[in-house]
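Below you'll find the structure, written out as structure tokens, and then a few comments.
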């Protein structure tokens, strides 16, 4: 009986491997988990406007390696995909609600409309060799609602054929409700990490 307890315990102590993923680094923004409640690599970069009115609305930039599943249909990608999605935090009108009346009044307000747009749909890909080219990103052609496109599982736009392990993305100006989002080029490089597992994730 002891060995049946010991082996799972050793596995938990050893942690879980992420498998290869594309780790982002940038001079602006913050590294972010793909899921706020589960452990894993900080595989996305998170960006937000500076104003208090909109700094609770974040745009996350994630590059999914080949073989990553996407929604709908649970399709697995065959190429390296750029995926953009929103992440919302507590808006100003829902903060510092100290009385039941304040809470009732605040929650009766309709949530503000939100929209992510771009000055251009073209993202520049620069490979480690120095070669660069541009890719038209579908989400930037149309814009998107960060409430509806809210996780990393939505299908993205291929950045190149097959596996890519070291490259930099340079974005056009991005906006949330017309306010510019400060961004900088993002360098992605393949790596692996270990992390402590959580059983309910």
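Quick notes on this structure:
- Hits in the range 166-192 - residues which are within 17 Å of residue 116 (Cα to Cα), surrounded by fewer than 14 Cβ atoms within 10 Å (Cβ to Cβ) and over 17 Å from the mean Cα position of the chain (by Cα): 173, 178, 180
- Residues that are at pLDDT 95 or above and loosely packed, with under 15 Cβ neighbours inside 10 Å, drawn from the range 21-51: 25, 27, 28, 30, 31, 50, 51
- Of everything listed in (1) over 22 Å from residue 125 (Cα atoms); (2) touching a residue at least 60 places away in the same chain (Cβ under 8 Å), the single unmet condition for residue 44 is (1).
- Looking at 86, 67, just one residue is at pLDDT 90 or above, more than 21 Å from residue 148 (Cα to Cα) and surrounded by 11 or more Cβ atoms within 10 Å (Cβ to Cβ), and that residue is 67.
- Residue in the range 90-97 that is at negative phi, surrounded by 15 or more Cβ atoms within 10 Å (Cβ to Cβ), touching a residue at least 60 places away in the same chain (Cβ under 8 Å) and not in a loop (DSSP other than H, G, I, E, B) present: no
- Condition broken by residue 54, with the remaining ones in (1) at pLDDT 95 or above; (2) crowded, with 17+ Cβ neighbours inside 10 Å; (3) not in a loop (DSSP other than H, G, I, E, B) satisfied: (3)
- Where strands (runs of 3 or more DSSP E) sit wholly within the range 99-201, those with at least 3 residues that are in contact with a strand residue (DSSP E or B) (Cβ under 9 Å, 6 or more places away or on another chain) and under 13 Å from residue 63 (Cα atoms) occupy 157-160, 166-170, 186-191.
Results for (1) exposed (fewer than 14 other Cβ atoms within 10 Å of the Cβ); (2) closer than 25 Å to residue 36 by Cα, shown as yes or no for each residue.
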site: 134; (1), (2): yes, no
site: 152; (1), (2): no, yes
site: 155; (1), (2): no, yes
site: 164; (1), (2): no, no
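The values are calculated or read from the model by the stated rules, or taken from the named source; none is laboratory data. In this text the structure is predicted, and so the values were computed from the model without any measurement. Here the Cβ is made from the backbone with ideal geometry for all residues, glycine too, and neighbour counts use every protein chain on show.
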